[in-house]
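As structure tokens, the structure follows; a few thoughts come after it.
The values are calculated or read from the model by the stated rules, or taken from the named source; none is laboratory data. None of these values were measured; they are calculated from a predicted model. Note: ideal-geometry Cβ built from the backbone for every residue, glycine included; neighbour counts use all protein chains shown. Heavy atoms of the whole protein, side chains included, go into the accessibility calculation; ligands, DNA and RNA do not. Shrake-Rupley method; radii C 1.70, N 1.55, O 1.52, S 1.80 Å.
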Amino acid sequence: MMPSPAPNPVTVSEPDPSRRNNLALLTSLVHHNGGLSRAQLTKRTGLNRSTVGTLIGQLVNLEVVYETAPSGEAQVGRPSPIVRPRPSIAALAVNPEIDAVTIGLVGLGGKVQKKIRFDTERIPTAKEAVNIAAAVIAGMRSELDTSYRVMGVGIAVPGLVNRDDGVVRHAPHLGWRDEPVARMLGEATGYPCHAANDASLGAEGELLFGAGAGQKNLIYLNGGASGIGGGIIADGALLRGTSGYAGELGHTFVRSSGKPCHCGATGCLETEVSQSPLFELAGLGGGDAGQLEQALRANSSEAVGAEVARQLEYLGIALRNAVNTFNPEAIVLDGFLGVLHALSPGTLDSLLRSQALDGPAGQVKIYRAALGSDLMMIGAAELAFTQFLADPAGAFPIPTLSQADHAESGALAQSGTLP
């Protein structure tokens, strides 16, 4: 990370709406691309060169971006400096799961700078997850206060979450119902906090920074310890539905004689496609997708092959339905679903070609998620960056905690146990 002194907070919002919108556009472009030349920014925004230069100068003064010497690539005319996002502007990310709470620090530009996984011996309650996250963040506060401007906290939750109020309506694998986790963590840390469904945030993360970059219509599916979640990008925007619950593709019906699901139905995708039997066949008690893939590749038994084929068949049924319904350009598979696809890369393509409608099936391509284990951190951070990206010249809130709060939370962070 480029060293950067902690800047003074900007407390006055940009008064001119047009200039504010243009500053937001430039900041978003630099953030999502990791750096663009002045010439590229001029072309992408449609603004004239002098206007872009003036706006970049303001963002430099605000210490939102910095400029570096132009690249050595051959070009016509005067070389154009590269405008890059300052990683000292950051967001915190939190992802509670059934076996851990992960906390990350993500800099402007979408780079994960720190990630801490706090393993739990049992499924954490909402209060416990909030306390764990708050304790870890408290342990980071000295570094955050001196080296970063933190825009807020994004929470990626495996369940139904209302983005507008940050309330987890139902997270069945966690056992949470009507938990105001955004408010709870905001009160515990002093930072603005927002919460959303983890798979929806994953879809946005892959669209902006990963395998879906440059595409406007995609389906994202993530498989993990908390089941299967999905997110749908339609015409470049997340399909949210009435209350933000759209994209629950894990509950797509795939088998008439299937197992009962915790949602109350039978034959849901996540009852037939699960990582548990894969870990058992791999001889693993747990781990991440990378460890699972390595172990399954090392075990070429008939049982492994049969289980991979069985799960891909049901995943293919769900994808067929999704392709026929949404006509996406791309399907992005993450977690153990990405492992299934990697172990037999032609299977899903074949199933879609034989079962989905010719038109949609011929247009869609299947990719493995590109951001790996950092995806939930990047997606959750993007949620926290939203307000800043809409008005980068606006206020930078800096929360405060008492010394007693720091001491209590710091002690919890070092204890390594659930509160």
- line: Result for the chain: accessible area per residue, probe 1.4 angstrom, in square angstrom, of 44
- prompt: Dipole magnitude of the chain about its Cα centre, charges +1 at Lys/Arg Cβ and -1 at Asp/Glu Cβ only, in debye to the nearest 20?
  reply: 1100
message: Assuming 0.36 nm per residue, please report the length gained on full extension of the stretch ARG44 to SER301 beyond their Cα-Cα distance.
response: 87.3 nm
query: Can you give the alpha-carbon Rg of segment 149-304 over 2.2 N^0.38 Å, where N counts its residues?
result: 1.16
Principal axis dimensions, segment 44-171 - Cα atoms, whole angstrom, descending: 62, 31, 27
query: Rounded to a whole number, what is D in µm²/s for the chain from Stokes-Einstein with the Kirkwood radius over alpha-carbon pairs (37 °C, 0.692 mPa s)?
result: 145
- request: Can you find, among ASN95, ALA370, VAL64, the residue farthest towards the positive end of the dipole of the chain? Put +1 on the C-beta of Lys and Arg, -1 on that of Asp and Glu.
  value: VAL64
message: List the residues, sorted by chain then number, that are 5 or more residues from TYR245 or on another chain and whose placed amide H is less than 5 Å from its amide H.
response: none
task: Report, in degrees rounded to the nearest 10, the 0 to 90 angle that the Cα long axis of helix 375-390 makes with the longest principal axis of the chain.
output: 40
- prompt: How many nm separate the modelled label positions at SER147 and ASN327, each set 7 Å beyond the Cα in the direction of the Cβ?
  reply: 5.0
- prompt: Could you give P(r) for segment 311-395, binned at 5 Å from zero, as whole percent values over all Cα-Cα pairs?
  reply: 3, 13, 21, 17, 13, 11, 8, 7, 4, 2, 1
task: Pop out the carbon and sulfur fraction of the accessible area of the chain as a percent, whole number, probe 1.4 Å.
output: 50
- request: Taking only Cα atoms and a 10 Å spring cutoff, compute GNM fluctuations for the chain and point out the largest among PRO81, PRO172, PRO17.
  value: PRO17
task: Check cross-link reach from LYS365 to the lysines: straight Cα distance under 26 Å, and skip same-chain residues fewer than eight apart.
output: LYS216
- prompt: Taking N as the number of residues in segment 211-370, what value does Rg over Cα atoms divided by 2.2 N^0.38 Å take?
  reply: 1.01
query: Out of the DSSP beta bridges found with both residues in segment 211-370, what percent are antiparallel (nearest 5)?
result: 50
statement: Quick calc, HIS262 & LEU284: beta-carbon distance into FRET formula, R0 22 Å, rounding 0.05, result 0.40
message: If you count only protein heavy atoms and use a 1.4 Å probe, how large is the accessible surface of HIS262, to the nearest 10 Å²?
response: 90
field: Folded to 0 to 90 degrees: helix 403-415 orientation relative to the chain principal axis, Cα
entry: 30
- request: Per DSSP H run of n ≥ 4, the term is -39500 (n - 2.57); total these for the chain, divide by its residue number, and report the mean residue ellipticity at 222 nm rounded to 500 deg cm²/dmol.
  value: -13000 deg cm²/dmol
- line: From most to least accessible, 1.4 Å probe, no ligand or DNA/RNA atoms counted, PHE336, PHE253 line up as PHE253, PHE336
statement: Comparing ALA156, ALA171, ALA39 in a Gaussian network model of the chain (Cα, 10 Å), the one with the largest mean-square fluctuation is ALA39
